[in-house]
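S.K.: Dumping the structure here so I can ask a few things about it.
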Amino acid sequence: RMSEGIRKTDMAAVLWSLVLVLAAGAIAEQKFAMEPQDQTAIVGSRVTLPCRVVGKLGKLQWTRDDFGLGELRHLPGFDRYKMIGSDDEGDYSLEIYPVILEDDAQYQCQVGPGPNGEDAVRSQYAHLHVYTPPEPPRIIQGERLLTTEDREIELECVSLASTPTSTF
């Protein structure tokens with residue numbers, strides 16, 4: 001009789017352990033604590049697109065215009081890109097330096113499915129707008145202009161080489 005009582009107790013303990021393990025697995029969820037936002041950068045500057053993940057179980061990668069950049073922090077083939085931060089803090093922010101015009105694109109942080117079937121997650125898209133500063137303005141009529149007092153003249157000024165094109 002005693003061994004039968006122990007068996008029931010052991011069986012109950014095993015069942016409760018199984019329930020707890022299954023419940024913990026069901027609770028496991030990959031989610032973003034911080035997602036990238038639209039940003040503006042000037043050619044030659046440094047930009048960081050944030051990505052922090054809680055409960056990361058799957059492989060993480062960044063995409064640029066939906067093209068995968070890779071899963072390693074140093075991103076082979078993309079010398080100016082790297083994932084900064086630490087795995088312990090769930091920080092996989094993308095740093096781009098120096099920024100060039102071709103970096104003007106949509107970026108997304110993606111985490112693949114976990115080993116136990118946890119859902120993959122994707123951040124919102126963030127557009128990086130890249131600008132080039134314009135050249136100093138110059139007067140089209142030339143560096144010197146001869147006029148007389150009280151005479152009204154009209155000068156045309158241009159500033160070239162900016163992205164987007166400067167308007168006045």
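The values are calculated or read from the model by the stated rules, or taken from the named source; none is laboratory data. In this text the structure is predicted, and so the values were computed from the model without any measurement. Methodologically, a virtual Cβ is constructed for each residue, glycine included, from the backbone with ideal geometry; neighbour enumeration extends over all protein chains shown.
S.K.: Starting from segment 92-115, take each residue that is within 19 Å of Leu72 (Cβ to Cβ) and list its partners that are aromatic (Phe, Trp, Tyr) and modelled with pLDDT of 95 or more, counting only C-beta distances under 6 angstrom and pairs at least six apart or across chains.
M.R.: Leu94/Trp62; Ile96/Tyr81; Gln108/Tyr125; Cys109/Trp62
S.K.: Right, here's the next one. Going through segment 78-96 one residue at a time, which ones are exposed (fewer than 14 other Cβ atoms within 10 Å of the Cβ) and either polar (S, T, N, Q) or not assigned by TED's automatic domain parsing to the domain that holds Cys109 (or both)?
M.R.: Ser86
S.K.: For segment 125-138, state whether one or more residues are of a type outside the set (S, T, N, Q) and farther than 28 Å from Ile96 by Cα.
M.R.: Of the residues in segment 125-138, the ones of a type outside the set (S, T, N, Q) are 125-131, 133-138.
Pick out the ones that are also farther than 28 Å from Ile96 by Cα and you get 137-138.
Checked against the condition, which is being of a type outside the set (S, T, N, Q) and farther than 28 Å from Ile96 by Cα, segment 125-138 yields at least one hit.
S.K.: While we're here: Inside segment 135-168, can you point out the residues that are modelled with pLDDT of 80 or more, touching a Ser or Thr at 6+ places or on another chain (Cβ under 9 Å) and not in a strand (DSSP E or B)?
M.R.: Glu135, Pro136, Pro137, Ile153
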